[in-house]
Amino acid sequence: MKKAGLLALALMIWLLSLPSLLRAQTSSYEGEQLYQIKCGRCHFAHSPKKYSAEEWKTVLKEMGPLSGLTEESDKVILDYLTQASGEKERGSLPTSPVVAGYLYTEFFSSEDSTDTFDIHYLNLNLSGRLHDRVSYRAEFEFEHGGGEDEPPFIEQAYMDVWLFRNTALRIGAMLTPFNRFDDLHGPLENFLVTRPQTSREIGVSAWKEVGIDLHGNIFLHKNFFLNYNAYMINGLGSGSRLRASRQYQDNNDAKSLGFRVSGVIADRWEIGASYYTGAWDNAGQQNLSLYGFHFLTRVAGLDVFAEYSHSLSENPPPLALGKADGFFIQTSYLLAGKFRPTLRYGTLDYLDPGNLLGRQPTDFDSKIICLGWNYYLTGAIVFKAEYNFVQEGKRKEKKDNDLIALQAAVRF
Ligand code: HEC
């Protein structure tokens with residue numbers, strides 16, 4: 001009953017925001033407004049003073065196609081940023097990389113684990129242009145302070161070879177474009193402290209892989225475009241469960257294939273599907289397939305994000321298929337430009353009888369309601385407080401496992 005009530009509430013809030021779709025014509029906006037709309041869709045629109053004109057060109061090389069900019073809107077935004085950057089040139093060469101990153105510290109408290117401060121992430125990234133047709137991103141990540149158990153990771157290290165204005169072949173280590181949450185797992189993009197159970201266990205966020213990815217946009221109308229990825233990567237390996245099978249493990253000759261397609265309407269509505277298939281065992285005979293659907297909208301301060309994920313993994317006979325599925329729906333509202341209450345409901349049903357070839361029998365169900373409250377000192381500095389009401393889960397059976405999570409984060 002609780003679940004139905006929550007869904008009804010989320011749906012009602014969302015429906016109330018529908019009228020502003022009528023105002024969603026972006027073509028009449030200029031300069032700053034266009035920048036805010038196009039570049040504020042996935043994260044806050046960075047201050048124009050942050051980079052020089054040359055550096056903004058580098059940023060737009062990658063972010064322009066992500067935003068579905070046409071040649072015309074790209075120019076309007078670049079002109080605005082050039083003029084608003086304060087300095088026309090700071091002497092930077094087109095080859096000098098743009099430096100960015102983020103860091104966040106968390107505090108967790110629950111009955112069944114040690115209360116702890118955690119320097120969860122320090123992420124540093126460099127991105128640059130070396131040629132009209134070649135850009136790159138080198139992103140490093142240190143988790144939980146590093147040390148023996150947590151060596152520094154390459155979060156992403158790829159070059160994009162631009163075949164056309166909106167189409168590139170990505171080569172290198174990347175976040176796998178399965179589902180959508182992983183692109184938005186940074187502390188300013190994820191409005192809560194915790195990640196949804198499905199994104200952790202099925203989308204295996206953050207999922208780093210090496211391979212190639214053809215990506216780009218197809219414009220079907222001035223207010224509608226398709227964003228796509230079609231990729232070949234080494235693929236998930238044979239860890240004890242899906243999440244333990246990620247991060248640069250390659251245990252067989254078979255490569256994995258996948259795609260993701262999203263339709264974006266008026267820069268405010270996004271709906272998409274993703275698929276992944278590949279052998280997970282050492283002999284390359286047992287197949288794993290994943291599929292997912294997502295929905296995202298940001299209308300007049302209100303955000304709704306919902307995602308469904310499903311996995312099927314073959315096991316050697318006589319074991320049955322491993323299956324997992326789950327979804328989350330999250331709604332959030334920006335109040336007075338500073339506060340953001342967020343509500344998320346997430347479920348996960350995971351059952352894999354596999355106990356050969358590295359997989360372990362895994363069976364867990366989880367249902368969690370998360371309630372969060374964020375305070376943004378600026379668009380790049382956030383303080384978050386979250387409470388998790390654990391409705392169902394292995395941990396719940398032992399004790400009351402509600403969780404309190406706090407986070408302080410900056411993006412630089
Ligand atoms: C589809 C989602 C999306 C859109 C639209 C988008 N961005 Fe981004 N942006 C991202 C993600 C994801 C990152 C973080 C990249 C990472 O850490 O891998 C990012 C990072 C950045 C950064 C930080 C520097 C860096 O390279 O990490 C800047 C600056 C930026 N975006 C500017 C823009 C601008 C300007 C636009 C509009 C033209 C834009 N973004 C539109 C998803 C988006």
For segment 124-140, give me the residue count where each residue is within 14 Å of the ligand (Cβ to nearest atom) and either free of Cβ contacts under 8 Å to residues at least 40 places away in the same chain or among the small types (Gly, Ala, Ser) (or both).
10
Every residue in segment 69-83 that is under 22 Å from Val134 (Cβ atoms) and not in a helix (DSSP H, G or I), please.
Leu69
Out of (1) within 13 Å of the ligand (Cβ to nearest atom); (2) in a loop (DSSP other than H, G, I, E, B); (3) surrounded by fewer than 16 Cβ atoms within 10 Å (Cβ to Cβ), what's the single condition that is false for Val99?
(2)
Counted residues in segment 34-46 being in contact (Cβ under 8 Å) with a residue 40 or more places away in the chain and either part of a helix (DSSP H, G or I) or more than 9 Å from the ligand (Cβ to nearest atom) (or both) come to 5
Based on what the data block shows, is Phe107 within 15 Å of the ligand (Cβ to nearest atom) and outside any helix (DSSP H, G or I)?
no
Can you name every residue in segment 179-213 that is assigned to a helix (DSSP H, G or I) and within 14 Å of the ligand (Cβ to nearest atom)?
Phe181, Asp182, Asp183, Leu184
Only one of Ala168, Ala173 is closer than 17 Å to Asn125 by Cα, more than 11 Å from the ligand (Cβ to nearest atom) and crowded, with 20+ Cβ neighbours inside 10 Å; which?
Ala173
Of the listed residues (His144, His120), the one being in contact (Cβ under 8 Å) with a residue 12 or more places away in the chain, within 16 Å of the ligand (Cβ to nearest atom) and under 26 Å from Ala405 (Cα atoms) is His120
On the given criteria, is Glu72 without any contact (Cβ under 8 Å) to a residue 40 or more places away in the chain and among the acidic types (Asp, Glu)?
yes
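FYI, it's all coordinate maths here, none of it is from the lab. Please read all numbers here as calculations on a predicted model, not as lab measurements. So basically every Cβ, Gly included, is an ideal-geometry build from the backbone, and we count neighbours across all protein chains shown.
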